[in-house]
Amino acid sequence: MLKLYNTYSNKKEDFVPIDSNRVRMYVCGPTVYGEIHVGNARSVLVFDLLYRVLRREYDCVDYARNITDIDDKIIKRANDECTTSAQVAKTWEESFKQNYKKLNALEPNYQPRATDTIEEIIASIGELVEQDFAYEEEGHVLFRVSAIEEYGALSKQNNLIDGARVAVGEYKEDSRDFVLWKPSKLGEPYWNSPWGKGRPGWHIECTAMSAKLLGKSFDIHGGGQDLLFPHHENEQAQNIGLYGKYAGPRYWVHNAMVLFENQKMSKSLGNIVRLSDAFALYDPMIIRFFILSTYYRHALIWKDENIQQAASRYKRWMYHLSDHIDGCEISMQVYDALLDDLNTPLAFAIFDQQLADALRENDVAKLRQLANTLNFFGLFVKKEEDAELMKILEEKLMQRRKARADKNFALADKLREEIESAGYDIIDTQGRSCLKKKL
Ligand SMILES: [Zn+2]
């Protein structure tokens, strides 16, 4: 059984989905105004691994990761470059997606953009105003934090903020109140709303999107530790205001930060590592392995020496395993370590041990299993044409699992025929299916 550390309870818990026929995960995605850095990449890869585990455990997994394509930083960049914010967002969204692909991250089922969700955002804000969870002041709509008894329960930060109270803005009732809608200045992008021309705040975007795509309650909400406060606390306040005390996600999962050597990465220190710089030095697969090799709740120390160690470990694996892939059975001992709150250091230590044993005993079946395990982690490099075909066939295999769960056997049979005609057999064992190349 999968266990996950839930930030809300501060405990590792058994993962029990609300509906085991449809597991739902929402992860906060990027604000698209500049190059992706290794901190962004860590969050993408941690939740990509969780998505792979969920897909193995459940027939149907809905995974949504948003794209924040309207924001002050986007507008600023557009002004600096004499272009439109839509153009800035488009350019950087494309760049992010190319980088995800290089990192071999699976595509989520949904990648909603804020600007495509304005209607739902406005409806949600309207509802909050109507229920007195929000108020309008000078063209702004603000969330009334004092109306939510549970505020602070997620991040445990309520008291701290009260203690460190800053001056209340002229239009704010309380310093903790946050913006749901803000008026646009002349020349800035805007949408019409009951509160005038403006644009949405960041927090309401995620609440509106998760409810639209996954429902008022869903299973997992993920993101980087830096989003816990205020972003996730505010999201949860909105969920409660809109849909009641028990709305929103059941499990809040946060990945820890990436440190540059032992320092926080920040603009002011000038030590933010862009992914393009990392790719100039290392193969993306080595970066993927390096990022995943630290337990996701521990700080990842970005240091050349550490990356080089990861690189030689990974190259040794590929050297021994690259001829052994057959897409099927994986090592259950390695997988069991993952089920324990994605304990990747333990999983990879077991992997090392099993590889040493298999090589000593010249155990080809075991080597094959380990190659498949590496493939499960998204760490096996296939030849490009094979990789493209496998991606399509694995998607068909997922659809077939879903069809069988829905008892749509005609569709399941059709998908099987399509997979077989591409030269692969489907092996069904212990309730799982996998692909095996026809001999
Ligand atoms: Zn978010």
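List of remarks:
- Between helix 409-421 and the chain: long-axis angle, C-alpha atoms, 0 to 90°, nearest 10: 60 degrees
- For the range 152-280: rounded, prolate or oblate by the Cα gyration tensor [a/c cutoff 1.5]: rounded
- Cα gyration tensor, the range 1-152 - rounded (a/c under 1.5), prolate or oblate: oblate
- The chain: Cα Rg divided by the 2.2 N^0.38 Å rule of thumb: 1.05
- Straight Cα distances below 19 angstrom link Lys11 to the lysines Lys3, Lys156, with same-chain residues fewer than 8 positions distant left out.
- The range 1-73: GluC sites (Glu not before Pro) in DSSP loop, at most 16 other beta carbons within 10 Å: Glu35
- Filtered trypsin sites (Lys or Arg not before Pro), the range 366-439: DSSP coil and at most 14 other beta carbons within 10 Å: Lys383, Lys407, Lys438
- Principal axis extents of the Cα atoms in the range 259-376, from largest to smallest and rounded to whole angstrom, are 52, 30, 23.
- Radius 13 Å from Cβ of Leu435, net charge of other residues (Lys, Arg +1; Asp, Glu -1): +1
- For Lys102, net neighbour charge (Lys/Arg +1, Asp/Glu -1) across residues whose Cβ lies under 12 Å away: +2
- In a DSSP loop and with at most 16 other Cβ atoms within 10 Å, the GluC sites (Glu not before Pro) in the range 186-276 are Glu261.
- Dipole orientation for the chain: of the candidates Gly201, Gly244, Ser293, Ser293 has the Cα lying most toward the positive pole (charges on Cβ; Lys, Arg +1; Asp, Glu -1).
- Set of aspartates and glutamates with alpha-carbon distance to Lys414 below 19 Å, sequence-local pairs under 8 removed: Asp59, Glu394, Glu395, Asp406, Asp425, Asp428
- Modelled label positions at Gln263 and Glu149, each set 7 Å beyond Cα in the direction of Cβ, lie 4.7 nm from each other.
- Mean separation of Cα contacts under 8 Å (6+ apart) over length of the chain, as relative contact order %: 17 percent
- Rounded to the nearest 20 debye, dipole of the chain from Cβ charges on Lys, Arg, Asp, Glu: 880 debye
- Peptide ranges 22-32, 354-364 listed from the most packed, as the mean C-beta count within 10 angstrom indicates: 22-32, 354-364
- Ile118, Ile287, Ile392 arranged by Cβ crowding within 10 Å, fewest neighbours leading: Ile392, Ile118, Ile287
- 222 nm mean residue ellipticity, helices alone, for the chain (DSSP H n ≥ 4; -39,500 (n - 2.57); rounded to 500): -14500 deg cm²/dmol
- Order by protection proxy (mean Cβ within 10 Å, highest first), peptides 338-348, 92-102: 338-348, 92-102
- About the centre of its Cα atoms, the range 384-437 shows a dipole size close to 440 debye [charges on the beta carbon of Lys, Arg (+1) and Asp, Glu (-1) only; nearest 20 debye].
- Protection proxy ranking, peptides 294-307, 176-189, average beta carbon neighbours within 10 Å, highest first: 176-189, 294-307
Values in this text are rule-based calculations from the coordinates and carry no lab data. Note that this is a predicted model, so its numbers are computed, not measured. A quick note on method: Cβ atoms are made from the backbone with ideal geometry, for glycine too, and the neighbour counts reach across all protein chains shown.
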